[in-house]
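Undergrad: Supplied in structure tokens, the structure appears directly below.
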Amino acid sequence: MTIAALETLSFGLARTVRAARAAGHRLALLTGDRALYRHELARLPPGALDIVDVDTHDLDASRAALRALPDLAGLINSTDGWSVPAADLAAELGLPGPEPAAVRRLRDKLAVRLLLRERGLGPAAMPVDAGTTADDVRAGVGLPAVLKDSAGTSSRNVWLARDAAELASALEAAREAALRGRLLAEPYLTGPLYSAETLSFEGRTRLLGVFSRQVSPQPLVREESASFPVALPAKDAGALERWVGALLPAAGHLSGFAHVEFVLTAKGPELVEINRRVGGALVGEALCRALGVNIYDALIDTTLGRRPALLDGPEPTGPASAFVLVYPDRTGVLTGWSGLDGLAAHPGAPEWYPTMAPGDRVAHLADQRGCSGILLTEGPTAELALHRALSAAGAITPLIEE
Ligand SMILES: Nc1ncnc2c1ncn2[C@@H]1O[C@H](COP(=O)(O)OP(=O)(O)OP(=O)(O)O)[C@@H](O)[C@H]1O
Ligand SMILES: [Mg+2]
């Protein structure tokens, strides 16, 4: 039978094709832009999956493409941008899948915050509309605060306000920005950023492990690097698993992977956001390596409504990994990279995953849209893998022409 994906994450497609095949299915990818998957498609033999070119922003066109597939057994729901239409279409076509209302709520960072606040599981948050003043924001969430898009991704449209002057300019900038959702304000959480990578089934959650996440110096929040699995003291890991295990069902996420970003504050973990999918960039790859299994088998299982074996093990005993996002230092046209030839001399078996191709225009450097490629290394621990990744990535320079 066929399993379809309405777009997917930029990385992990090849492993998803293999997982579908292992479960006796063929994968059909509906996409409006094949170029997004060029790295993954290059790793697959020709004909390994069916690619249906369709405007995936057009619900009717996507529905027609899905109806035309032979014996459709499931629809993968794995991206932020398409999670709502994918949930609606799965429900409409009688396929297993998450409750569309729950998916809608999880795409709304303000709705999630308000719900969790009501249940005593997080800090205050408030909508910021045309009539909201700086004083309202200070009274509602205090300073430092964050203003952000309720449906934002890639760290776009996030403004840090540490004092009254920054709050005034953040309000002005946010009101001029083109948001995907609505504007919200919440307290700025002080401390290092992490993500809990989890798998749930019928409301029970397993913490697969924790990623560290380094971001640019304030006030930017551009993601720079990450490593997995962070070595937490056993009692902290247990507490985190209980925290995330309570948070996810409270937010309406009962089945499938989740990528839960949090700050480890002086008082413990505080939620930044929940994404109901595997983390982006090379999070899925790092999980597969550490756990020694193809975690996308569990994506196929939950897509089909089946209990995934990954809920019960194995433990992460494979290599740790780390990755660095490599950004150009200015905007312009990317012509290539220097330093890639020498990568093999670095420890940790560095691998280069380009996210742009020569000829692409680099227009934004303040968020992840400016990332030209990702360098992945392995190590015996996340800490050592990160040192190796930072060292090797320092040798790569994106070449830019004005
Ligand atoms: N309340 C907060 N306190 C501290 N930092 C925050 C807060 N909200 C957001 N951030 C920072 O801004 C970044 C982007 O915010 P958020 O994760 O909500 O949006 P996003 O655009 O979905 O990000 P991405 O797609 O990069 O995960 C976070 O990774 C974090 O570094
Ligand atoms: Mg985020």
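Undergrad: Only residues that are outside any strand (DSSP E or B), in contact (Cβ under 8 Å) with a residue 40 or more places away in the chain and either under 28 Å from E118 (Cα atoms) or of a type in the set (V, I, T) (or both): list them for segment 192-240, please. If you could, list the steps in order and put the result at the bottom.
TA: Taking segment 192-240 as the starting set, the residues that turn out to be outside any strand (DSSP E or B) are 192, 202-203, 216-222, 229-240.
Now drop any that are not in contact (Cβ under 8 Å) with a residue 40 or more places away in the chain, which leaves 192, 202-203, 218-222, 229-231, 240.
Listed by number, the residues that qualify are P192, E202, G203, V221, V230, L240.
Undergrad: Pairs, please: C-beta under 7 Å, at least 6 apart or cross-chain, first residue farther than 13 Å from A196 by Cβ and of a type in the set (V, I, T) and in segment 261-277, second within 14 Å of ligand 2 (Cβ to nearest atom) and in a loop (DSSP other than H, G, I, E, B)?
TA: Every condition considered, the pairs that remain are T265/L189.
Undergrad: Only one of these is over 21 Å from G370 (Cβ atoms) and crowded, with 18+ Cβ neighbours inside 10 Å: L193, L143, L171, L232. Name it.
TA: Numbers: L193 fails: over 21 Å from G370 (Cβ atoms); L143 fails: crowded, with 18+ Cβ neighbours inside 10 Å; L232 fails: crowded, with 18+ Cβ neighbours inside 10 Å.
Result of the check over L193, L143, L171, L232: L171.
Undergrad: So G245 clears everything in (1) within 16 Å of ligand 1 (Cβ to nearest atom); (2) touching a Lys or Arg at 6+ places or on another chain (Cβ under 9 Å) except one condition, right? Which one?
TA: Looking at each condition in turn, G245 falls short on (1).
Undergrad: Condition (residue is closer than 27 Å to A266 by Cβ and out of contact with any Asp or Glu (no Cβ under 8 Å at 6 or more places or on another chain)) applied to segment 171-181: is it met by at least one residue? Write out each step before concluding.
TA: In the first step, residues of segment 171-181 are kept if they are closer than 27 Å to A266 by Cβ; the result is none.
For segment 171-181, residues closer than 27 Å to A266 by Cβ and out of contact with any Asp or Glu (no Cβ under 8 Å at 6 or more places or on another chain): absent.
Undergrad: Can you find even one residue in segment 52-60 that is assigned to a strand (DSSP E or B) and not assigned by TED's automatic domain parsing to the domain that holds L248?
TA: We begin by selecting, within segment 52-60, every residue assigned to a strand (DSSP E or B); these are 52-53.
Narrowing the set further to residues that are not assigned by TED's automatic domain parsing to the domain that holds L248 leaves 52-53.
Checked against the condition, which is being assigned to a strand (DSSP E or B) and not assigned by TED's automatic domain parsing to the domain that holds L248, segment 52-60 yields at least one hit.
Undergrad: I've got another one for you. Criterion first (out of contact with any Phe, Trp or Tyr (no Cβ under 8 Å at 6 or more places or on another chain), hydrophobic (A, V, I, L, M, F, W, C), more than 16 Å from ligand 2 (Cβ to nearest atom) and assigned by TED's automatic domain parsing to the domain that holds A246) does L167 satisfy it?
TA: Values: out of contact with any Phe, Trp or Tyr (no Cβ under 8 Å at 6 or more places or on another chain): yes; hydrophobic (A, V, I, L, M, F, W, C): yes; more than 16 Å from ligand 2 (Cβ to nearest atom): yes; assigned by TED's automatic domain parsing to the domain that holds A246: no.
When the stated conditions are applied, L167 does not pass them.
Undergrad: While we're here: In a loop (DSSP other than H, G, I, E, B) and closer than 30 Å to L183 by Cβ: does that describe G81?
TA: yes
Undergrad: What about P314, is it touching a residue at least 40 places away in the same chain (Cβ under 8 Å) and in a loop (DSSP other than H, G, I, E, B)? Quick ask: steps written out before the conclusion?
TA: Details: touching a residue at least 40 places away in the same chain (Cβ under 8 Å): no; in a loop (DSSP other than H, G, I, E, B): yes.
Here the answer is no, as P314 does not meet what is asked.
The values are calculated or read from the model by the stated rules, or taken from the named source; none is laboratory data. Since the structure is predicted, the reported quantities are computational estimates derived from the model, not experimental observations. When we count neighbours, we look across all protein chains shown, and the Cβ atoms used for this are built from the backbone with ideal geometry, even at glycine.
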